[in-house]
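Take a look at the structure set out below.
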């Protein structure tokens, strides 16, 4: 329910509307595969950026309904196929939202695996139960009919767009913006001057919520926004 | 449609059973007893009736339209799909496979082609023809590509190529994209040089360990395509052309997966003698050793020392396959005289009955020892059923251990998970819920339509 105490916040027109887009992804099977952590490390250095995107950002969307226990494909494989809980914990702790480029995300994953293997050298060549198959994501951006000229329309559109649209603007966006932010926060701050609301959206924990939960939290937070 | 009283072959191991008044409800909310003694000390009553299954296949219902999927996937998803396809308006596609009826590929194309037409992507579907000798050779190829031993003769190569050539001359390839399904029509690609369209090879089989002779024969043909599609990264080969991943999918509106009236589910259970007041553990599979039905009976018996439940093993393959009949006999022997083990040999057109059995079940088991993708698992997950499955083939793609189901590697592990899930209904319910969402996001027909549209856009430079 939108607060009636500050109606101007909800109806004030933004100079530029927010156009909701979405994205669709096709999975390409890559040449790289890893049968051990040592091979994973090698492949992490040579795989395309789209593979890093697929196994971190995109897998989060594919598993958007899970609240706990799933972070990225590398962590999941280290845990289930290599039985390396310590490495899995460290990889799972990576928050994709702290990265504004795939290059820096790749470096961080490599650093974690390298560091782990330095202290656990016997793990380097131990065969995994199942190989890790590198895939890559080919993305197509899709416009949607939803646009918002003010906060009220923005909240209404948030209720109606697909989960993929939420992922596109709220999670993937930082790779486009090259900022530790998201399309929603950027628009709310720039076009409506809602700096506090914009900042608070960035604190939503995408790793302990489903994307549907994220949608609901976005709506809840913005419905109680103050100028 | 004629119906008989006993065309489905029910093979119950006893004519009476022992439902316990202590056990109520199904679907994760059961109150189950935990302890070493199965509940048996209650009055016996007549349970097994003869099932009523038609002895001929029912008329196929008309294929669904795109709008029919809106209540399932939501309007925004459907709108996105329609938008994705707008740039393909006026483009055309040809699908070629080797059979118009029967088998998963024909079933999928029967649904895909009208949906693509609704998206204004003209989609033609051609089926190659050939004599018995050709199809015997391609069946041998199929088994060899799955790793079986096979001596590829020059005669077989020539017969394969000759039939492909006859079909090539009969067919026109004027479409923008030509999709060839599986190895049988693979050599049609020799028409590529005469037509500007993009050629895609859709491989539905597991090529992880192919017979080198057969693969060596097919490989030069596959290299001529513009792209290949596999059902799992582990089924793919190293190829010079781009390879894409299309998971197999289920149609949520098919007879096997659509929502059913509660009264129908009850009727099927009544017909088959399944007691819905007690927990039901079900495996739907052919009577095939690779599905380990004997292992499922053993796991059930171990679990029954702690929890009350019935076991339903339903599937076909025993009446038309000599090995299936042997396996069914083994299962009957393993079941012994347990009145709570219900063995059902069903004809191939029992989709609605299977759907009802799955929906009535408390847990679904798919304890395969070897598996392709395992669409029975997809079906179980779609019905929000807590699922226990062997960690083989494509199953781990669907069952993420302790998140969308549980994976097992042994009879003992399976027995433990039956006990655990029956006594932890909240956890089981959450697994079922996650499993449903996993299928909705990744393994539905509509997701695959989106994949096809994306692929066509990419291949035609319209991405």
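Laboratory data are not the source of any read-out in this text; all were calculated from the coordinates shown. Please read these numbers as outputs of a predicted model, since none were measured by experiment. Note that each Cβ is placed from the backbone with ideal geometry, even for glycine, and that neighbours are counted across all protein chains shown.
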Principal axis dimensions, largest first and in whole angstrom, of region B:342-411 by Cα: 30, 23, 21
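Going from the alpha-carbon gyration tensor of region B:188-281, what semi-axes, largest first and in whole Å, does one get by taking the root of 5 times each eigenvalue? Mind showing how you got there, number by number?
Details: eigenvalues 397, 58, 24 Å².
Over the Cα atoms of region B:188-281, the semi-axes work out to 45, 17, 11 Å.
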Whole-angstrom gap from region B:86-164 to region A:199-227, using each part's C-alpha centre: 48 Å
Rounded Å value of the spacing that divides the Cα centres of region B:294-361 and region B:165-241: 39 Å
Sum of -39500 (n - 2.57) over DSSP H runs of 4+, divided by residues of chain A (222 nm, nearest 500): -13000 deg cm²/dmol
Fraction of antiparallel bridges per DSSP, chain B only, in percent to nearest 5: 20 percent
Between 0 and 90°, nearest 10: helix A:102-119 axis offset from chain A longest Cα axis: 40 degrees
Within 10 Å of each Cβ in B:73-85, the average number of Cβ atoms from other chains: 4
Projected area averaged over orientations for region A:24-136, convex hull of C-alpha atoms, nm²: 6.7 nm²
Projected label distance in nm at residue A:93 and residue A:11, using a 7 Å step from Cα toward the beta-carbon: 5.0 nm
Rounded to 10°, Cα long-axis angle of helix B:154-170 versus longest principal axis of chain B: 70 degrees
Bridge type composition, the protein assembly as shown - antiparallel percent by DSSP, nearest 5: 35 percent
Alpha carbon centroid spacing (whole Å) that separates region B:421-463 from region A:50-107: 19 Å
Quotient of C-alpha Rg and 2.2 N^0.38 Å, computed over the protein assembly as shown: 1.02
Fully extended contour minus Cα-Cα distance, from residue A:85 to residue A:110, at 0.36 nm per residue: 7.3 nm
Residue-averaged 222 nm ellipticity for chain B, from DSSP H runs of 4+ at -39500 (n - 2.57), nearest 500: -12000 deg cm²/dmol
Translational diffusion coefficient (Stokes-Einstein; Kirkwood radius from C-alpha pairs) of chain B at 25 °C, 0.890 mPa s, in µm²/s: 104 µm²/s
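Roughly speaking, what % of Cα-Cα pairs in region B:54-116 are separated by over 13 Å, rounded to a whole number?
On the way: 1432 of 1953 pairs.
Summing the P(r) tail past 13 Å for region B:54-116 gives 73 percent.
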Peptides ranked, highest mean first, by Cβ atoms within 10 Å: ranges B:274-280, B:384-390, B:128-134, B:286-292: B:384-390, B:274-280, B:286-292, B:128-134
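Under 8 Å for C-alpha pairs, at least 6 residues apart: give me the relative contact order for region A:24-136, rounded to a whole percent. Walk me through the numbers on the way to the answer.
Values: 140 pairs, mean separation 53.8, N = 113.
Over region A:24-136, the number comes to 48 percent.
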Label-point separation, residue B:194 to residue B:100 (7 Å along Cα→Cβ), nm: 2.4 nm
Helix B:262-272 vs. chain B, principal-axis angle (Cα, 0 to 90°, nearest 10): 70 degrees
Mean projection area, nm², convex hull over Cα of chain A: 12.3 nm²
